[in-house]
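First the structure, in the form of structure tokens, and then the observations on it.
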Amino acid sequence: MNDPRVSPVRALAASDKFRRIWIVGLVLFTVRWLEMIAFGVFAYAETNSAFIVAMVTMLRLLPMAVFGAFIGAFAERMERRTALLAVLGLLLVGEVALAGSAMTGHLAVWQVALASFVNGIGWAADNPIRRVMIGQAAGAGRMNVAMAIDVGANNASRALGPTVGGALLAWIGMQGALLLGTALYVVALVVLLGLGQRDPVRGAQPARVWATIREGAVFAWRDAKLRGILWVTVVYNLFGWPFTGMIPVIGRDSLDLGPQGVGVLASMDGIGAFAGALFMARWSREGNFQLAYVGGCMIYMAAIAGFALSPGFWLASAALFLTGFFGTGYTVMQATLTYRAAPPAMKSRMLGVLSVCIGLGPIGFLLLGGLAEAIGAPWATALCAAAGVVVLALTGRVWRVIR
């Protein structure tokens with residue numbers, strides 16, 4: 001695994017542990033993006049409210065803010081394969097319940113909102129559990145390549161999930177999307193059960209959980225590099241990421257698209273991101289980590305404004321391709337930089353703190369949803385993205401320490 005003569009990509013591909021963890025991630029990513037489009041289209045069709053659509057998407061992020069630090073602290077005291085199996089089991093049960101409601105014609109917006117929150121718990125667990133497992137399988141020296149491959153799976157699913165979700169909504173209805181999600185979760189459980197190797201477990205100390213969380217937060221604040229990494233994450237999730245909740249609204253109202261067309265439009269972000277992941281796997285080197293992280297975030301938000309104000313499908317698609325391509329630099333470096341900057345004993349904690357920063361996104365969703373109701377989704381989306389570029393530019397002294 002550490003032979004310098006073997007390329008990092010080939011070494012990772014030869015690792016059964018890495019492959020299985022990667023496949024589980026691919027399933028989680030695919031269902032996540034499929035649901036985000038399906039739930040958004042369903043909520044907008046039922047309520048005709050951009051604010052409700054933003055709230056349904058926001059609820060998927062809320063567990064990161066509420067539980068991210070706790071999951072990071074508990075993850076240090078749990079066997080991670082067992083923890084990931086528990087997360088998959090929770091997601092599977094929720095998906096089966098939703099599919100049953102959809103098949104009997106009783107699916108309601110409140111159920112979709114609740115499912116978004118529950119599924120967000122699985123998302124909050126991804127950084128401190130599954131991605132720490134990836135780091136252990138790859139080693140710190142190959143973490144950037146491993147993350148590029150993992151983010152590549154995420155980005156491929158961002159192309160596939162919305163397209164498939166939109167098509168299933170148009171042809172079959174919500175039950176089609178939910179039954180596919182159920183089947184994919186079963187596949188992920190089978191793959192993970194085949195992972196024989198287990199990680200060592202530290203002694204359980206429940207009384208130390210609060211102290212562990214506090215120590216992690218204090219360490220992150222005092223370390224200038226971690227503080228800079230986390231600040232960029234906060235800006236991205238307050239001003240950039242919430243735009244995903246407006247894709248169904250802008251697609252339907254501004255571009256006059258149906259569910260299938262909205263799915264195809266949303267997939268352009270994933271296609272661009274997949275291309276960006278391929279580029280990052282070859283281009284990312286120690287010396288350009290800061291450029292990829294901060295520069296990718298800035299261009300991502302600028303492209304969001306272009307998407308929001310595009311007058312037609314093709315220009316909007318091109319802008320979404322750019323959000324995906326340049327956003328990948330930020331996405332790959334986010335976990336990579338955090339993992340590398342954290343001491344070995346605090347990696348789960350720091351990735352838990354990272355999840356909390358990602359979980360601040362609901363504030364951005366609330367802001368964007370309220371603005372969309374007041375001035376319309378296109379101008380609200382463009383205004384938030386432009387504000388993000390300005391904030392990032394004005395706070396360079398915070399993130400310039402990132403190397």
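The values are calculated or read from the model by the stated rules, or taken from the named source; none is laboratory data. In this text the structure is predicted, and so the values were computed from the model without any measurement. FYI the Cβ positions are ideal-geometry reconstructions off the backbone, even for glycines, and counts take in every protein chain you see.
Overview of results
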| read-out | value |
| --- | --- |
| Selected residue (criterion: modelled with the highest pLDDT) from residues of region 174-207 that are in a loop (DSSP other than H, G, I, E, B) and in contact with a helix residue (DSSP H, G or I) (Cβ under 7 Å, 6 or more places away or on another chain) | Gly194 |
| Filter result (in a helix (DSSP H, G or I) and either over 24 Å from the mean Cα position of the chain (by Cα) or basic (Lys, Arg) (or both)) within region 374-392 | Ala374, Ile375, Trp379 |
| Residues of region 256-278 that turn out to be more than 12 Å from Thr163 (Cα to Cα) and crowded, with 18+ Cβ neighbours inside 10 Å, as a count | 6 |
| Which listed residue, of Thr395, Thr328, is among the polar types (S, T, N, Q) and surrounded by fewer than 20 Cβ atoms within 10 Å (Cβ to Cβ) | Thr395 |
| Residues of region 375-401 satisfying the condition of being out of contact with any Leu (no Cβ under 9 Å at 6 or more places or on another chain) and modelled with pLDDT under 90 | Gly396, Arg397, Val398, Arg400, Val401 |
| Complete set of residues in region 380-389 that are of a type in the set (A, V, I, L, M, F, W, C) and closer than 13 Å to Val294 by Cα | Val389 |
| Residues of region 117-143 that turn out to be of a type in the set (S, T, N, Q) and touching a Leu at 6+ places or on another chain (Cβ under 9 Å), as a count | 2 |
| Flag if Gly270 is assigned to a helix (DSSP H, G or I), small (Gly, Ala, Ser) and over 17 Å from Ala148 (Cα atoms) | no |
| Within region 147-171, tally of residues that are among the small types (Gly, Ala, Ser) and either over 18 Å from the mean Cα position of the chain (by Cα) or modelled with pLDDT of 80 or more (or both) | 3 |
| Any chance Ala86 is small (Gly, Ala, Ser), over 23 Å from Gly270 (Cα atoms) and free of Cβ contacts under 8 Å to residues at least 24 places away in the same chain | yes |
| Among (1) under 26 Å from Ala65 (Cβ atoms); (2) free of Cβ contacts under 8 Å to residues at least 60 places away in the same chain; (3) surrounded by 19 or more Cβ atoms within 10 Å (Cβ to Cβ) - the single one Ser310 does not satisfy | (1) |
| Any hit, region 67-77, residues being at pLDDT 85 or above, part of a helix (DSSP H, G or I) and not acidic (Asp, Glu) | no |
| Residue pairs meeting the criteria (Cβ under 9 Å; at least 6 apart or on separate chains; first surrounded by fewer than 16 Cβ atoms within 10 Å (Cβ to Cβ), in region 368-384; second not in a helix (DSSP H, G or I)) | Glu373/Ser49; Trp379/Leu309 |
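Conditions (1) at pLDDT 95 or above; (2) not charged (D, E, K, R); (3) not in a helix (DSSP H, G or I), marked per residue:
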{"residue": "Tyr293", "(1), (2), (3)": "no, yes, no"}
{"residue": "Thr328", "(1), (2), (3)": "no, yes, no"}
{"residue": "Leu337", "(1), (2), (3)": "no, yes, no"}
{"residue": "Arg340", "(1), (2), (3)": "no, no, no"}
{"residue": "Leu366", "(1), (2), (3)": "no, yes, no"}
{"residue": "Ala372", "(1), (2), (3)": "no, yes, no"}
{"residue": "Arg403", "(1), (2), (3)": "no, no, yes"}
